[in-house]
Amino acid sequence: MVNDESSSVAKSNSNGFPARMGCIFNRRSFTFMFFFVFLRVRPVIFYLKPVKFFVPASPSILSYRNMLWCLCNRFIISEGGFTTRRQSTIKSRIILIMIIFALLIAALLSFFSYELISYYQRKTTIQATEFNLQLVSHIIEQDLLNLSALAMTSSTNSATNTLLTDYFGSPQAKARDALNVFNSMQEDFRVNRSNSYVRRLIVTDNKGKFLQVDNSVSTSVPLTIHNIGQITGLNNNEAVKEYDQVIKDPLSTSVGIPYILPVYGERAARIGTVYLLVNTSVITDKLKGYSLPEDSRLLLTLGDNHYQLIGDKVQDIGAPYEPIPYTDDEPVGPQTKLSTLRLEDGEQTIAVSYPVRSGVVLSQTLSGSQFAPKASIWIPIMLGVCFMVLVLSGIITIYLTRTISLPVEKLKKRIDKIAQGNFLLDRNIEWNSELGDVGRGINRLSQDITALMDSRLADEKQKQELEYRMLQNQINPHFLYNTLNSIKWMATIQNATGIAEMTTALSRLLRSIAKDNRRLLPLKDELKLLEDYFLIQKYRYGGTVSMEQTISDEELLSGLIPRFTLQPLVENAIFHGIEPKGRGDIMITVQKNGFADILVTIEDNGVGMQKEQIAKILDAREEGSTGLFENVGLRSVNERLHLAFGEPYGLSIESEPGQYTQMKILLPFLLKE
């Protein structure tokens with residue numbers, strides 16, 4: 001039901017608003033409706049007296065839409081203007097958001113700071129451990145190299161080895177020969193820098209002859225032919241060991257690391273064994289000043305055996321462990337390896353390992369407590385950061401509430417005036433801030449509303465004129481087809497078969513142009529359209545033009561080709577090749593090219609073309625064909641083929657002036673788009 005006031009406005013109102021806009025309204029409701037149409041925030045439902053209608057969003061005035069929607073989200077239009085139904089103020093929302101934001105920032109800063117400190121603490125600890133292990137390993141490696149060199153002097157290529165070869169190889173060897181070998185071994189032992197770590201050096205031919213250099217005779221049982229078999233490695237002529245385990249010396253109370261090499265004689269034949277027992281102090285002495293944290297361990301790996309270094313003792317680790325690569329951090333040196341270990345107590349730790357030499361690795365475990373930042377340092381820092389963030393957030397909150405509340409109140413009053421129909425500009429709301437942008441947008445909106453109403457009236461008038469012109473220019477295609485069909489049957493009745501065939505071909509061409517919307521169609525359909533076109537041209541030229549088709553494989557006719565690709569090529573052959581000559585033939589060949597391509601060749605025996613003409617046709621922009629289709633020439637055919645199938649495919653032209661012209665189309669064999 002509509003009251004009298006709105007009914008009178010629907011006929012003609014005093015402000016000149018048209019009554020044909022599609023709904024009944026007064027001036028105030030109409031103005032505010034267009035104000036919100038420009039915001040495009042979301043669809044808005046307006047409750048107007050006495051009509052309720054739905055207004056969709058409109059794509060205009062985007063810069064200030066969100067702020068205006070916040071201001072007007074709770075406003076209800078009534079006869080007297082705006083009445084507010086406010087549940088919360090912008091000021092309270094800003095304060096709440098700033099507090100939440102400050103707490104969130106403080107929490108994130110605390111979390112990321114802790115993680116960052118932990119990361120650098122772990123990285124620094126690993127690098128320091130790596131440096132310490134590298135320094136100690138180089139010192140140990142030098143001693144092991146010296147000891148290996150001592151064993152090598154008896155093994156091969158030395159004066160001692162020569163004396164041993166003569167002694168072991170001679171059945172009539174005398175005691176003086178043994179004394180000469182012993183003196184040479186004593187001299188090698190004396191000049192070696194690491195001789196203090198040698199427990200005993202034994203050389204034997206494994207047949208009863210042996211010599212020993214003992215570094216601590218008083219604490220050892222004398223070596224005899226009866227107890228030499230107790231020494232592991234000397235009873236096996238094939239034994240070779242290089243620092244792969246810690247064993248107990250069977251002739252004393254000490255422990256050591258055996259180093260066993262063969263003795264080579266003439267022609268590299270093995271004639272005996274060198275047994276070097278190295279004291280474990282060669283490793284433990286270098287670690288006396290090593291700073292080891294309380295929760296860390298020093299581990300030694302010899303071959304496949306694992307040991308723990310405690311003071312000057314080397315203890316065997318009962319349960320074997322398998323290192324798992326640790327990928328969270330990268331070591332500094334290329335030889336250092338990081339891994340995780342689970343030892344006999346079940347605790348999983350990070351281990352930093354550095355190779356002393358082949359088969360000898362020194363490792364240090366790192367506990368999780370070494371990576372954790374000290375609470376006495378980072379907690380006060382985090383509390384200070386949180387306090388500063390909260391104070392800064394409070395200052396920002398106070399500033400924002402003072403700089404937003406007054407401008408928002410002025411904007412609200414300006415919106416009230418616009419709703420009452422006052423479209424005058426108000427420069428007082430154009431501040432130098434984001435709210436000033438909103439104010440400028442409101443002023444532009446006031447002008448745009450009037451312009452919109454004028455443009456709507458002009459659009460309606462133009463729409464009516466265009467509809468009238470479309471009705472005038474519209475041609476019913478069925479009327480055209482029926483007319484051509486009537487001409488065909490009249491020509492058939494009068495035995496004018498040529499007219500009937502031309503009319504039928506033209507009808508099919510027009511029907512394909514008007515109704516077939518396919519971008520690509522099978523090659524057989526394209527050839528049928530080409531036959532209809534050529535039929536018309538054949539009657540036009542009175543039989544001076546002929547066309548033949550050669551299909552190498554009927555399956556190729558199922559391949560796709562862009563619509564009206566062949567017609568411009570045949571048209572070009574007729575107009576520019578055969579017509580200047582007076583008579584000619586066109587040969588169309590469809591064959592397979594390569595593995596999955598189709599080659600369509602259109603050849604005519606017309607006047608031909610120069611190479612410059614071919615380049616101009618394919619490269620320069622053409623003015624368009626004057627045949628069946630405007631602006632569809634050879635260049636456009638080539639471009640359409642490139643767009644449809646890509647670069648390898650397209651049109652190529654080969655011609656010999658006065659003899660022939662070949663136009664080749666390369667297509668992929670596609671059965672569907």
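Computed from the coordinates by the stated procedures, all read-outs in this text should not be read as laboratory data. Worth saying up front: this structure is predicted, and the values here are computed from it rather than measured. Counting neighbours? That spans all protein chains shown, and the Cβs are built from the backbone with ideal geometry, glycine included.
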Report task. Any chance you could run the full-extension gain for residue 335 through residue 138? It's 0.36 nm times the residue separation minus the Cα-Cα distance, nm to one decimal. Result -> 69.7 nm
**Report entry** Phi-based couplings in Hz for the range 609-616 (Karplus 6.51, -1.76, 1.60; Gly and Pro marked x)
**Finding:** 9, 7, 5, 5, 5, 4, 4, 5
Report summary line: Rounded to one decimal in nm, the spacing of the 7 Å Cα→Cβ label points at residue 173 and residue 612 is 10.3
Report task. Please give the peptides 246-258, 305-317, 154-166 ranked by average Cβ packing (other Cβ atoms within 10 Å per residue), highest first, as a rough proxy for protection. Result -> 154-166, 246-258, 305-317
Requested in this report: Run the quick spin-label model on residue 127 and residue 553: label points 7 Å from Cα toward the beta carbon, then report their separation in nm to one decimal.
Outcome: 6.7
Query raised in the report: Hey, what do the phi angles of the range 438-446 turn into as Karplus ³J(HN,Hα) couplings, whole Hz, using 6.51/-1.76/1.60 and θ = phi - 60°, x for Gly and Pro?
Result: 5, x, 5, x, 5, 5, 5, 4, 4
Requested in this report: Could you work out the local net charge near residue 312, counting Lys and Arg as +1, Asp and Glu as -1, over the other residues with Cβ closer than 15 Å to its Cβ?
Outcome: +3
Report summary line: From the Cα centre of the range 518-592 to that of the range 110-163, the distance in Å is 84
Query - Inter-label distance for residue 424 and residue 464, nm, one decimal - labels placed 7 Å from Cα along Cα-to-Cβ - result: 3.6
**Report entry** For the range 129-198, alpha-carbon Rg relative to the globular expectation (2.2 N^0.38 Å, N residues)
**Finding:** 1.49
**Report entry** Difference of contour (0.36 nm per residue) and Cα-Cα distance, residue 619 to residue 599
**Finding:** 5.0 nm
Query raised in the report: Rounded, prolate or oblate: which fits the range 182-320 when a ≥ b ≥ c are the square roots of the eigenvalues of the alpha-carbon gyration tensor, with rounded for a/c under 1.5 and prolate only if a/b beats b/c?
Result: prolate
Query raised in the report: For residue 348 and residue 291 in the same chain, what is the full-extension length gain: residue separation times 0.36 nm, less their Cα-Cα distance, in nm?
Result: 18.3 nm
Requested in this report: Just need the relative contact order of the range 286-370 here, percent rounded to a whole number, with Cα pairs under 8 Å and 6+ apart.
Outcome: 29
Query raised in the report: Given R₀ = 60 Å, FRET efficiency for residue 269-residue 119 by Cβ-Cβ distance, to 0.05?
Result: 0.50
Report summary line: Taking a ≥ b ≥ c as the square roots of the Cα gyration tensor eigenvalues, with a/c under 1.5 meaning rounded and otherwise prolate when a/b beats b/c or oblate if not, the range 286-370 comes out rounded
Query raised in the report: Given 552, 653, 570, which one lies farthest toward the positive end of the charge dipole of the range 537-668, if we put +1 on the Cβ of every Lys and Arg and -1 on the Cβ of every Asp and Glu?
Result: 570
Report task. Please list, in chain and number order, the residues 5+ apart from residue 561 or on another chain whose amide H is under 5 Å from its amide H, with Hs placed from the backbone. Result -> 521, 523
Report summary line: Rg (one decimal) and Dmax (whole number) from the Cα set of the range 537-668, in Å, equal 14.5, 42
**Report entry** Highest to lowest packing among 496-509, 201-214, scored as the average C-beta count within 10 Å
**Finding:** 201-214, 496-509
Query raised in the report: Calculated FRET efficiency, residue 510 and residue 453, Cβ-Cβ r, R0 45 Å, to nearest 0.05?
Result: 0.50
